[in-house]
Each structure stands twice: as C-alpha cells, then as structure tokens.
1. Considering segment 202-258 alone, what residues qualify as being hydroxyl-bearing (Ser, Thr, Tyr), over 18 Å from the mean Cα position of the chain (by Cα) and not in a loop (DSSP other than H, G, I, E, B)?
2. Go through the residues of segment 175-198 one by one and say whether even a single one is crowded, with 16+ Cβ neighbours inside 10 Å, assigned to a helix (DSSP H, G or I), out of contact with any Cys (no Cβ under 9 Å at 6 or more places or on another chain) and of a type in the set (Lys, Arg).
3. Could you say which residue among Arg236, Arg245 is at pLDDT 95 or above, surrounded by fewer than 18 Cβ atoms within 10 Å (Cβ to Cβ) and among the charged types (D, E, K, R)?
4. Out of all the residues in segment 38-56, which are buried (at least 16 other Cβ atoms within 10 Å of the Cβ) and not in a strand (DSSP E or B)?
5. Just to check your reading of the model, which residue among Arg24, Arg19, Arg8 is of a type in the set (Lys, Arg), surrounded by fewer than 17 Cβ atoms within 10 Å (Cβ to Cβ) and at pLDDT 95 or above?
6. Is there a residue in segment 189-199 that is closer than 16 Å to Val28 by Cα and either under 19 Å from the mean Cα position of the chain (by Cα) or not basic (Lys, Arg) (or both)?
7. Which residues, counting only those in segment 76-132, are farther than 18 Å from Gly143 by Cα and among the basic types (Lys, Arg)?
8. Just to be sure I understand, how many residues within segment 125-160 are crowded, with 22+ Cβ neighbours inside 10 Å, at pLDDT below 90 and over 20 Å from the mean Cα position of the chain (by Cα)?
Amino acid sequence: MSSHGPHRRTTIHDLAALRAAGERFVMVTAYDANAAGLLDELDVPVILVGDSLGMVVLGHETTLPVTLDDMIHHARAVMRARPRALVVVDLPFGSYQQGPEQALASAVRVIKESGADAVKLEGGARVVPTVRALVAAGIPVMGHLGLTPQSVGQLGGFRVQGRDPDDAAALVDDARALGDAGAFATVLECIPAGLAARVTAASPVPTIGIGAGADVDGQVLVWHDLLGLGPGPDPRFVRRYAQLRTSIIAAVTTFRDDVASGTFPAPEETYGDGPAVDDAPGAPSA
C-alpha cells in the first residue's frame, strides 16, 4: 500500500486519501496473531476482527452467540502481531443495541483491553446517534449496511438486500447519514452492484464491498473464504484464491499414513543419545 511506509500504522485518514486518489484497497478478516502477522507482511491496510469468527472459528450457525469477551480475546491475539494495519473490531450482537451508553461502554472495553484502532457496528439511521456518541468520545467507527448478519432473523435469512426501490433509497440515505455522523467507512454487504455504486457516490466516506460489485472503494473477504479453508458451498461473492482445505486434507492424511507405516519419524527427525548441537526445539511442542 503506497500510503504508509514500513513503520507507520495505517489510519482512517489513509483510507480517505486512497478514496480521494481513486485507489482501491482491501480489508481481510483475522482472528489470531499468525494470520494478522501474515497479512501485515503483505501490507494489507485494514484487518477486521469480525464477529464472523462465531461461524468460521467457534462453530456457531450465526454470529449471534458471539460475546464481547470473545471479540476482545481474538482482538488481543491479532494485536500481539503488532500489525501496521488499521485494526477494526466488530461490536457483537447485544453489546450496543440498547443505545449509545451501552455502545460506548462496549467500545471502550474493546479499545482499552485489546489495543485495536476502531470498532464496527451494523445498521443505518437507527444507529446514527450511537455513531455520533462513539466518535465524540474519540472512537473511530466503521458502519455496515445491506445484509447485516446480526439481523439475519429479521431479514429472513442470508439474502441479497436493496432490490426493492424503497429499500434501495433507504440504503443510500443510511450511507450518507452514517458518514455525516462521523463513521470513517461503511461496509456494503450483499446488495446489487448498481445500488452499491449509487451508495458509494452518495457516501461521504469510503465504502467497502462484500458481494456488492466492483464500484466501491475497497473489498473485504473472510480469511477462511479467501484461502479455501471451509468445506463450502461458498456464497456467490467469494473467490477462493487458494484451496488450503484440500492441501490440509492431503497433508494430515499423509502424516497419519506415515505414522501407521512407521516411516515417521525418520532417523533425521529423531534425537540421538549422545551430545548434539541441535537439541534446541525449533517449534512448539504439543
């Protein structure tokens, strides 16, 4: 990313500068230090500690069971990698729905206890007072419109949003309102590409799409989707840039077979009885 040097942290102002320059950027989810460190090596400008961890890491069917403690735990892990990326943490369901006071208490915990840079919350006009309160307290806020997974029951499932003209107009208004309230960027999830272009044009701040076409300022994918770690089927908007699930299955199968046949460990993977200079383990033990 051209907007920051090798030792400077990415800021919300860098994202605004990228939008002004017409440069698209990426955001990728991470839930642990290893993933965050790899993303930082690759100069990914924004890392999202998403409540998607409930589904891809913790095994829940939705994001709804994720707790604030879960989010802080994983955000701490990400921050231990000391990433230069802007690290954004989802406020989970139940941690801000009661209004600005609850949201502020939750967001303060996230920032103080994890060291992350910003929080993300879902919703349009109804969360504008909350966004204003958090920004007034000095906490950067990312918005999220369209398919909002924390409202999946009300939305009738994981469905494309904004196809109705009234709903589309409301999304445009919501994006403008979030930006005017001080949100520094807004995620647009699962909305028609034409609508995403309209929303981006109306929004005073960068938009980040996932299933929202190409006419947005940035794109986000979940780590497990991008790398092909899940069993599938994938949503239409996912592109698997690797098939690591297949590679992992092959590797573990070979390990199992090598142990069964006695070919692992081999002599070169075994410590002898005499003195040696290589007895320091090079990797964590089980």
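The values are calculated or read from the model by the stated rules, or taken from the named source; none is laboratory data. None of the values given here were measured: they were computed from a predicted structure. With ideal geometry, Cβ positions are generated from the backbone for all residues, glycine too; neighbour counts draw on all protein chains shown.
1. Passing the criteria: Thr246, Ser247, Thr253, Thr254.
2. Yes, there is a match, as at least one residue in segment 175-198 is crowded, with 16+ Cβ neighbours inside 10 Å, assigned to a helix (DSSP H, G or I), out of contact with any Cys (no Cβ under 9 Å at 6 or more places or on another chain) and of a type in the set (Lys, Arg).
3. So the residue among Arg236, Arg245 that is at pLDDT 95 or above, surrounded by fewer than 18 Cβ atoms within 10 Å (Cβ to Cβ) and among the charged types (D, E, K, R) is Arg245.
4. Within segment 38-56, Leu39, Asp40, Val44, Pro45, Gly50, Asp51, Ser52, Leu53, Gly54, Met55, Val56 qualify.
5. Within the list Arg24, Arg19, Arg8, the selection yields Arg24.
6. yes
7. Result: Arg76, Arg80, Arg82, Arg84, Arg109, Lys112.
8. Here the count works out to 0.
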